[in-house]
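Encoded as structure tokens, the structure appears first; notes follow it.
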Amino acid sequence: MIEIKAKLLRDQSAVFMCGEVVECLIDFIHPSLPEHKISQSNSDILENLAWATVQLHCYCNVSVNERANIDTVANRNIGGTTSLNASNQLKGEVLHSTEPKILFCDLRLSPGEAKQFLYRETVPLNTPPTYRGIRVKYYYKITVATQRLGSTVQALNIPIRVLPLPLPQSDLDEAITLNDESNEDLAPNNPFLEKKRPPSRIEYALHYLRGVTARRRPNFFMINNKWGKVGRFCLFKSAYKLGEDIVATIDFSCGTVKCVQLSVTLQCEEAKLNRSTASNAPAAKVNEELSSSDSTDAGSSSQTSGSVVSAAVVGDADQKSVSRVTNYSKHHEVCLGMLQTQVILPIPLHVTPTFRTDLVQVSWRLHFQFVTSTNPELSSEMLLDRSSENEADLEWVAPTDIAIETMIWSLPITIYPTAPLQIPQPCGEYVLHIK
């Protein structure tokens, strides 16, 4: 029997960015024979493996209804396609695979002997991030395959999580990113100091990530309906990292319509791209229309984190597609009589940032539900009238029934990845026994 053990060198976090180097230690061990067993020949002592290779695979798993759209994508597989794909019984199609690296050929191990190999591979830049959506899933595996003489090919899979590489989207962003290092070039050169090496792609991406998510530019939105102003919403920035808190304020003092209760939900929208949409590659438009509908719901304040799935129709009339929406953090508050309130929504570390491929587009938004009322008994004069001489006996009784309306609004935001070491995702040791 031969035992194969694989473990990532970065054991505290099995998370990597596109373009980052993955390092994995692979051990081939022949356990010692029991003391009571007596070997009769040399063949009983030595264990022989014909070959062993390592590859990094990116898999794409789609639902049955979307199977036709992945045919063209699967044909774009970049890298080596070997007989190893037939031995991997994993769900999905191989979207991308790196060139296989041969660890050895004809390895013989005596009892108690072990061989260790170091596998280094760069995560490709043109591959999608790890994403476990409703209709489309992308995941990565480091595949260690080997074959014993006279046996079938066996594989050991080590999962890793891959984040997209944040890069400047315009020349202005790139200029802002490089502005911090421009002053160092103007300093006088010291011939006795070692020249500073240029930043790597990962360092440059992390530097840009810190800059784009640290900028604060408050955006103000006036919330109106057909009866008048409801309030003013202030969002301090529109770009966030994984693990950050979305902090915003709502001012009701400027409103003429009473807001009975407020609900803000962090939503992830998964939109399938049609073939015509993917070829033209236009920017997806997020619907920001305000709609009103009758409702009679009233609740208490709470903050939850769940996974509720709903459906919506997005796109133009000729390219309509059903988008899947998943709810995460939620802020629910009864705000009748309040002048101001604060909204705090945490962004989970396990979600996938904003990205787009030929099959799917993943975007994020804040979904608002304002429950308003024009009932005269909820006016400011009724709530704040304290002109009576006997103020101790003054008591306001809430009406039994009030006419309310629900106003819905969605505000798109951008979520970027964070540094991989800030995501605690320990990687254990993976073992495969070949008998």
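Counting the residues of the range 215-241 that are closer than 19 Å to PRO412 by Cα and open to solvent by 70 Å² or more (accessible area, probe 1.4 Å) gives 6.
Kindly indicate whether GLN261 is assigned to a strand (DSSP E or B), open to solvent by 20 Å² or more (accessible area, probe 1.4 Å), at pLDDT 90 or above and not small (Gly, Ala, Ser). No: the conditions fail for GLN261.
Within the range 336-353, being among the β-branched types (Val, Ile, Thr), closer than 19 Å to LEU165 by Cβ and surrounded by fewer than 19 Cβ atoms within 10 Å (Cβ to Cβ) holds for one residue alone: VAL351. Among the residues making up the range 1-17, those that are modelled with pLDDT under 90, open to solvent by 30 Å² or more (accessible area, probe 1.4 Å) and not acidic (Asp, Glu) are MET1, ARG10, GLN12.
Inspection of the range 188-207 identifies no residue that is among the basic types (Lys, Arg), within 24 Å of LEU167 (Cβ to Cβ) and modelled with pLDDT of 85 or more. Give the residue, chosen from SER310, SER276, SER305, that is touching a Ser or Thr at 6+ places or on another chain (Cβ under 6 Å) and modelled with pLDDT under 80. The unique qualifying residue is SER305.
Taking THR256 as the residue in question, decide whether it is at pLDDT 85 or above, assigned to a loop (DSSP other than H, G, I, E, B) and not small (Gly, Ala, Ser).
yes
If the condition is being touching a His at 6+ places or on another chain (Cβ under 6 Å) and among the basic types (Lys, Arg), then the range 1-15 contributes no residue at all.
The values are calculated or read from the model by the stated rules, or taken from the named source; none is laboratory data. Computed from a predicted structure; not experimentally measured. Reconstructed Cβ throughout: ideal geometry from the backbone, glycine too, with neighbour counts over all protein chains shown. With ligands, DNA and RNA removed, areas are computed over all heavy atoms of the protein, side chains included. Shrake-Rupley method; radii C 1.70, N 1.55, O 1.52, S 1.80 Å.
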